[in-house]
Amino acid sequence: MNLYVHIPFCLSKCRYCALYSESGRNDIASYPTLPAKEYLIRNGGKAKVKTAYFGGGTPGILGYDGLKNLVKSLKEAGIDFSEVSEWTVELNPAIISKELLSGLHKLGVNRLSFGVQIMDDKILASLGRRHNVADVRNAFKLARTYGYENIGLDLIAGLPNVTNEIWHKTLDKAIALNPMHMSVYGLIVEPHTPLADDIENGVLTQPDDDEQMDIIAQTASILESHGLNRYEISNYAHNGSECKHNLACWRGEDYLGLGPAAASRIFLERRTNAPNIDQWKKAVENGLLPPTENLETLTLEDDATERFVYGLRLKEGISPSQFAISYPAARPLVEKWESALQKLTKEGIAQQLSKGRWSLTQRGIEVADSAIETLL
């Protein structure tokens with residue numbers, strides 16, 4: 001099983017963020033035992049974890065004791081972490097402590113992901129981030145002291161007021177930390193966020209699409225020159241340090257999400273819990289399934305198609321005929337997919353890696369959504 005647990009709490013809300021989280025809650029201490037209750041309501045029974053990912057929000061806000069209780073309750077519910085190959089916890093550099101890092105390592109966590117966004121103190125402050133560049137450096141240093149080698153960091157490209165000089169310095173500073181993994185996401189201005197209001201009112205200006213693509217292309221070139229290979233549209237890693245949890249999802253494996261706003265993909269069912277902690281908490285405390293924002297049972301053909309197009313995000317690409325062996329419902333679609341991929345190849349959007357296996361080109365990565373629409 002690939003397990004995701006959402007910890008929906010933050011110290012404060014960043015100006016660009018539209019992901020579900022809450023700040024200023026006084027009931028955080030009651031949270032750690034609740035995801036296990038959801039698990040028992042939805043599944044129950046024993047399950048071995050292949051990959052685990054604790055995300056947020058800010059998981060570190062629970063502290064070591066809270067995270068230890070979270071894991072303890074999941075184990076008591078029947079979830080077995082003894083054979084987990086990769087266990088990631090997202091951390092905010094602003095709230096790193098020796099107790100937290102040493103404790104997580106003892107629990108079995110073997111991968112950390114730091115939300116960095118930019119390596120410039122003024123820009124960080126303008127985004128509402130609680131950390132600064134020194135915090136990032138200290139977090140990396142402390143994490144390595146406690147035995148963590150597999151550390152990743154997240155950056156956002158195309159932020160307002162970020163010049164080429166600031167961005168290149170960000171990449172230089174990030175690379176100097178020697179992360180094993182980097183995620184670089186192009187800025188998406190989400191409606192109803194303070195950042196969106198500033199842009200709409202002309203206070204800030206965001207890069208246009210061409211400028212954004214140029215920034216991402218430069219970033220890819222710089223990171224790859226330092227051994228951080230682009231293995232997915234927004235993700236780079238040294239060989240062997242690719243995020244196994246995310247790879248499992250992109251390769252079409254099932255995953256279980258626990259917590260408000262958490263998403264799951266189990267067999268033909270796609271479920272996303274409603275982004276409301278009070279409704280979620282009330283339901284699971286009363287032994288009821290939490291309310292959903294999205295709940296859908298797919299046809300076998302739609303299920304196969306969705307899992308197939310995820311694979312196209314990966315540098316390793318995907319083979320329609322090989323995929324259809326694992327997902328027989330895809331067999332009638334193989335000819336259609338291969339025809340579409342051949343058309344995209346002529347347009348420079350896709351490329352054939354070997355007989356029957358395709359991936360996106362650099363241009364295809366830039367227009368990935370359109371390429372996937374063609375396949376759908």
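The values are calculated or read from the model by the stated rules, or taken from the named source; none is laboratory data. This structure is a prediction, so every number in the text was calculated from the model and none was measured. No Cβ is skipped: glycine too gets one built from the backbone with ideal geometry, and neighbour counts run over all protein chains shown. With ligands, DNA and RNA removed, areas are computed over all heavy atoms of the protein, side chains included. Shrake-Rupley method; radii C 1.70, N 1.55, O 1.52, S 1.80 Å.
Assess whether E190 counts as being assigned to a helix (DSSP H, G or I) and over 29 Å from G108 (Cβ atoms). When the stated conditions are applied, E190 does not pass them. Restricting the first member to region 100-112 and to residues that are within 15 Å of R144 (Cβ to Cβ), and the second to residues that are open to solvent by less than 30 Å² (accessible area, probe 1.4 Å) and in a helix (DSSP H, G or I), the beta-carbon pairs closer than 7 Å and six or more apart or on different chains are L100/G60; L100/G63; L101/A143; L104/L67; L112/A143.
Note on region 32-43: residues that are under 19 Å from T272 (Cβ atoms), modelled with pLDDT of 95 or more and under 25 Å from the mean Cα position of the chain (by Cα) total 5. Number of residues in region 108-134 that are touching a Phe, Trp or Tyr at 6+ places or on another chain (Cβ under 9 Å), polar (S, T, N, Q) and over 22 Å from A196 (Cα atoms): the value is 2. With respect to (1) of a type outside the set (K, R); (2) assigned to a loop (DSSP other than H, G, I, E, B); (3) free of Cβ contacts under 8 Å to residues at least 40 places away in the same chain; (4) open to solvent by 50 Å² or more (accessible area, probe 1.4 Å), the lone exception for G44 is condition (4). Here G152 does not qualify as over 17 Å from A217 (Cα atoms), outside any strand (DSSP E or B) and in contact with a His (Cβ under 7 Å, 6 or more places away or on another chain). Give region 1-50 a look and list any residue that's touching a strand residue (DSSP E or B) at 6+ places or on another chain (Cβ under 7 Å) and of a type in the set (V, I, T), or say none. V5, I7, I28, V49 - these are the residues of region 1-50 that are touching a strand residue (DSSP E or B) at 6+ places or on another chain (Cβ under 7 Å) and of a type in the set (V, I, T). State whether one or more residues within region 112-132 are among the β-branched types (V, I, T), assigned to a helix (DSSP H, G or I) and more than 23 Å from S23 (Cα to Cα). No, region 112-132 has no match at all. In the set E83, E99, only one residue is farther than 22 Å from Y31 by Cβ, open to solvent by 20 Å² or more (accessible area, probe 1.4 Å), of a type outside the set (A, V, I, L, M) and not in a strand (DSSP E or B); that residue is E83. Number of residues in region 55-80 that are open to solvent by less than 20 Å² (accessible area, probe 1.4 Å) and under 19 Å from G147 (Cα atoms) equals 2.
Among the residues of region 193-228, the ones that are outside any helix (DSSP H, G or I) and open to solvent by less than 40 Å² (accessible area, probe 1.4 Å) come to 5 in all. With respect to (1) farther than 21 Å from S225 by Cβ; (2) in contact with a Leu (Cβ under 9 Å, 6 or more places away or on another chain), the lone exception for N138 is condition (2).
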